[in-house]
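Before any comments, here is the structure.
A short reminder: the numbers here are calculations on the coordinates, not readings from a lab. Everything numeric in this text was worked out from a predicted model, so none of it was measured. Cβ sites come from the backbone with ideal geometry, for glycine too, and all protein chains shown count toward neighbours.
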């Protein structure tokens, strides 16, 4: 099953360390495809595939100027993913706090 919603595409893109490294590089400044590919010991087609996944997830934009293709990182999809994580973190913390209170109550009853 291939994920199609934007949040699933973002998390799937972030699941790969090479793609995370590409985003880390692009967070510093825009770069050409060649500059992005340079530090990786993988083939050009493999780099291209990683870039397609990041582009499909909305995490990068490609612009073409003459023969140069420049890549720019987009943060909006990361903001959406961070909001999802934070919402669920709050819910999980509330549940854990409630469990802790319940266990304290049970322990006090046993004493």
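Rank 37, 81, 15 by mean-square fluctuation in a GNM of the chain with C-alpha springs under 10 angstrom and give only the top-ranked residue.
The residue that fluctuates most here is 15.
Take the Cβ-Cβ distance between residue 106 and residue 84 as r, set R0 to 22 Å, and report the resulting FRET efficiency rounded to the nearest 0.05. Walk me through the intermediate numbers first.
Values: r = 33 Å, r/R0 = 1.51.
Step by step, r from the Cβ atoms, then E = 0.10.
Spin-label point model (7 Å from Cα, Cβ direction): what's the residue 99 to residue 4 distance in nm?
With each label placed 7 Å out from Cα toward Cβ, I get 3.6 nm.
Over the chain, what is the relative contact order in percent, taking alpha-carbon pairs closer than 8 angstrom and at least six residues apart? Before the final figure, lay out each step's value.
Details: 80 pairs, mean separation 30.4, N = 111.
The normalised contact order for the chain reaches 27 percent.
Add -39500 (n - 2.57) for each DSSP H run of 4 or more in the chain, then divide by its residues: what number comes out at 222 nm, to the nearest 500 deg cm²/dmol? Provide the component values of the computation, followed by the final result.
Numbers: 5 runs with 74 residues, N = 111.
Taken over the chain, the calculation gives -22000 deg cm²/dmol.
Which of the following values of volume of the Cα convex hull per residue in Å³ was calculated from the structure shown: [x] 122; [y] 159; [z] 110?
[y]
For the chain, set up a Gaussian network in which alpha carbons nearer than 10 Å are linked by springs, and say which option among 96, 51, 71 fluctuates the most.
Of 96, 51, 71, the most mobile in the Gaussian network model is 96.
Take the chain, connect every pair of alpha-carbon atoms lying under 10 Å apart with a spring to form a Gaussian network, then pick out the residue of 54, 14, 99 with the largest mean-square fluctuation.
Comparing 54, 14, 99 in the GNM, the peak value goes to 99.
Taking only the alpha carbons of region 47-110, what extent do you get along each of the three principal axes, in Å, biggest first?
76, 19, 12
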